[in-house]
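Here the structure comes first, spelled out in structure tokens, and everything after it is commentary.
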Amino acid sequence: DGAVCTVDLVERAKAGEGEAFGRLFDHYSDTVYRFVYYRVNNRATAEDLTSETFLRALRRIGTFTWQGKDFGAWLVTIARNLVADHYKSSRTRLEVTTGEMLDPDEMVRSPEDSVLEHLSNAALLDAVRRLNPQQQECVTLRFLSGLSVAETARVMGKNEGAIKTLQYRAVRTLARLLPPDLR
């Protein structure tokens, strides 16, 4: 069971076992990287912020508790704060440049394959940009980072019902914004 394995790895990492933290990095680094890359739109910056996320997690792992939290959602919360700091410090606006947001070879296969297959489509990227910020974040976490509804709720500080509603409205809005041939 992946959850039991993760609990064990986190407990061992908290006890200072480097190998356990390395395995957590291997397990979660792609999720964190995809989350960051979607927001910063730059491979080098995404790699830097992903590394910084894990450095911060390593420094703070002793403070991590399981009270309704998933370790992956905790990491994404750290990454989210780092991305926010990055934009505050560089005084740049978060803009997703069509075509650069996702390289087709970086696509992730998941149950949402049909959605992800369309993400290389300029029209869909443009439509996602036109969602409100909370809908954008929900779509990013659910479909690009592959988080569950529960994990997305924890990261965004909302309940699962609110996430389902946000996701439903985002998908409905996307459907209206997309040209008929992409629906």
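The values are calculated or read from the model by the stated rules, or taken from the named source; none is laboratory data. For clarity, every value in this text was computed on a predicted model and none was experimentally measured. Here the Cβ positions follow ideal geometry from the backbone for every residue, glycine too, while neighbour counts run over all protein chains shown. Side chains included, ligands, DNA and RNA excluded: accessible areas come from the protein's heavy atoms. Shrake-Rupley method; radii C 1.70, N 1.55, O 1.52, S 1.80 Å.
List, please: which pairs have Cβ atoms under 7 Å, are six or more places apart or on different chains, and start with a residue in segment 152-174 that is in the same structural domain as R130 (by the TED database) and end with one that is among the polar types (S, T, N, Q)? Once the first residue is in the same structural domain as R130 (by the TED database) and sits in segment 152-174, its partners that are among the polar types (S, T, N, Q) give A153/N159; V155/T77; I163/T152; L166/Q134; L166/Q135; R169/Q135; A170/Q135; T173/Q135.
Return the residues of segment 39-52 that are surrounded by fewer than 16 Cβ atoms within 10 Å (Cβ to Cβ) and in contact with a helix residue (DSSP H, G or I) (Cβ under 8 Å, 6 or more places away or on another chain); say none if nothing qualifies. Residues satisfying the conditions are R43, E47.
Testing Y33 on (1) open to solvent by less than 60 Å² (accessible area, probe 1.4 Å); (2) modelled with pLDDT under 90; (3) aromatic (F, W, Y), one condition comes back false. Which one is that? Among (1) open to solvent by less than 60 Å² (accessible area, probe 1.4 Å); (2) modelled with pLDDT under 90; (3) aromatic (F, W, Y), the lone unmet condition for Y33 is (2).
Within segment 53-68, can one find any residue that is open to solvent by less than 30 Å² (accessible area, probe 1.4 Å), polar (S, T, N, Q), modelled with pLDDT of 50 or more and not assigned by the TED database to the domain that holds Y168?
Yes: segment 53-68 contains one or more residues that are open to solvent by less than 30 Å² (accessible area, probe 1.4 Å), polar (S, T, N, Q), modelled with pLDDT of 50 or more and not assigned by the TED database to the domain that holds Y168.
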